[in-house]
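Below is one structure, written out as C-alpha cells; the observations come after it.
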Amino acid sequence: MKQPIDVKLAGNMAKFVRRNYHHFNAQVLKNATMAYKKLLDDGGKMFVSMAGAMSTGRLGISLAAMIRKGYVSGLSVTGANLEEDVFNLVANKDYVQVPDYRDISLEDNKKMLDKKQNRVTDVAIPASSMKEVEDIIIEAWKDAQDPRFPHEFLCDILLSGQLEKYYQIDPAESWLLAAAELDIPIVTPGWEDSTLGNVFAALVRKQEVELEVMKSGIEAMNYLGDWYLKTKEDKGFFQIGGGIAGDFSICVVPFLKQDCGLKNTKWWAYFCQISDAVTSYGGYSGATPDEKITWDKLGPKTPKFVIESDASIVVPLIFDQILGL
C-alpha cells in the first residue's frame, strides 16, 4: 500500500487543512496538494485544464496568482472560460446576482432572457457586458493577416491596454491576463461552443471574416505536442471538471507516443481531477485514472487523485496552500 507524499507547506491554509482534513475527499485533497507541491519542488511543470464556467466562478483569483508564481505552466480551457475571464474583468459589477437560483421558475428564466441576461447558475451576465469585448475582437478578426489561435486574439487585446478603462475588478484576478503576460501555452478545444465562437462562425457564414484567420483544433493539438516535447521536465495534469478541456489535452501523450511514433514520450507525471459529477462508466467524460493507464496517458506509478467535490470550493483550497497563504 502506497504511503501519501509528505512535503512542507507554509501558510494558514495549509495549517487549517493539516488540522482538519483527515479522511474521504478531504484526505484526497490534502494528498493531492502535497503531490502537486512535490512535483514543483522536484522541478516539474503543471498543466491545468479547466471546464465548466470556472472563470465566472472567479477561480481567476487564485489561478492568476499560481500562473504568476510559475506554478501553472500551461492551460487547456473551454471557450466559455476563455471569454468569461475577460467579461468578468470588464463587467463584473454589471453582473446580476441570483442567490435564490434554485427557487426561480421557468417564467423567471424567460424574463431574464427577455432582459438579455444570460444566467450561469447563481449569476447572470448581461449581454451588454460582452459588447466592448465583442466590438474590439471583431475588428481584430477582420484585420488579421495571419492565422492565430482564439486565445491569441484576446491576449493581444489585453496586453494592448484597449480594455483597461473598462476594468471593474483588480486585473491581478484575471488568469488570462497573467497567462498573456507570461506567454504560457493555451489551447481552447471546441472554442466554437462559446459566445465569441458563435459570433465568429456567424461572421464567416455572412462572409465578413475569413475562416482561415482562426487556427483549428488540429493545429492546437500539434501546438500542444510541441510544448510537451520541448518541455523536458516532468509534467503533471491538474484537471478542473471534465469535458473536452481535459479530454483533448491529456491525449497529447498517446498522440505523440502512438500516432506520431515517438515511443520515448513520458507519461504525465501527476494526475488530479476535481469533479462533483458521478462517474458514468463509458460516458460523460468519466474515465477514472486507472482507465487512463490503458490509453497510455498515465503510468501505473503516476500519483493519481480524484476529488469528488465542487471545484469552486476545492481549487482555491489547493492553490492557496501551494501559494503559502
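The values are calculated or read from the model by the stated rules, or taken from the named source; none is laboratory data. This one's a predicted model, so the numbers in the text were calculated from it and none came from an experiment. Here the Cβ is made from the backbone with ideal geometry for all residues, glycine too, and neighbour counts use every protein chain on show.
Let's see how each residue does on (1) among the β-branched types (Val, Ile, Thr); (2) more than 30 Å from Asp6 (Cβ to Cβ); (3) in contact (Cβ under 8 Å) with a residue 24 or more places away in the chain; (4) touching a Leu at 6+ places or on another chain (Cβ under 9 Å):
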{"position": "Ala53", "(1), (2), (3), (4)": "no, yes, yes, no"}
{"position": "Ala64", "(1), (2), (3), (4)": "no, no, yes, yes"}
{"position": "Asp108", "(1), (2), (3), (4)": "no, yes, no, no"}
{"position": "Met112", "(1), (2), (3), (4)": "no, yes, no, no"}
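On the basis of being within 30 Å of Ile184 (Cβ to Cβ), assigned to a helix (DSSP H, G or I) and acidic (Asp, Glu), does Glu152 make the cut? Taking the combined requirement at face value, the residue satisfies it. Residue pairs whose Cβ atoms lie under 8 Å apart, sitting 6 or more positions apart in sequence or on different chains, and linking a residue in region 238-267 that is without any contact (Cβ under 8 Å) to a residue 24 or more places away in the chain to a partner that is outside any loop (DSSP other than H, G, I, E, B), are Lys263/Lys257. Every listed requirement among (1) closer than 25 Å to Lys30 by Cα; (2) without any contact (Cβ under 8 Å) to a residue 24 or more places away in the chain; (3) not polar (S, T, N, Q) is met by Glu233 save one, (2).
Scanning region 61-108 for residues that are of a type in the set (Ser, Thr, Tyr) and within 30 Å of Thr231 (Cβ to Cβ) turns up Ser62, Tyr71, Ser73, Ser76, Thr78.
Of Lys45, Lys69, which residue is within 22 Å of Gly246 (Cβ to Cβ) and of a type in the set (Lys, Arg)?
Being within 22 Å of Gly246 (Cβ to Cβ) and of a type in the set (Lys, Arg) holds for just one of Lys45, Lys69, which is Lys45.
Please go through region 73-94 and give me each residue that is assigned to a strand (DSSP E or B), over 13 Å from Ala180 (Cα atoms) and among the small types (Gly, Ala, Ser), ordered by number. The one that is assigned to a strand (DSSP E or B), over 13 Å from Ala180 (Cα atoms) and among the small types (Gly, Ala, Ser): Ser76.
Scanning region 128-151 for residues that are of a type outside the set (Phe, Trp, Tyr), under 18 Å from Ala201 (Cβ atoms) and surrounded by 14 or more Cβ atoms within 10 Å (Cβ to Cβ) yields Met130, Val133, Glu134, Ile137, Ile138, Ala140, Ala144, Pro147, Arg148, Pro150, His151.
Residues considered: Lys110, Lys131. Of these, the only one that is at pLDDT below 95 and either in a helix (DSSP H, G or I) or more than 18 Å from the chain's Cα centre (by Cα) (or both) is Lys131. Out of everything in region 40-72 that is buried (at least 21 other Cβ atoms within 10 Å of the Cβ) and assigned to a loop (DSSP other than H, G, I, E, B), what residue ends up being nearest to the chain's Cα centre (by Cα)? So the residue we want is Ala51.
Just need a number here: residues in region 158-183 that are of a type in the set (A, V, I, L, M, F, W, C), surrounded by 14 or more Cβ atoms within 10 Å (Cβ to Cβ) and either touching a residue at least 60 places away in the same chain (Cβ under 8 Å) or assigned to a loop (DSSP other than H, G, I, E, B) (or both).
8
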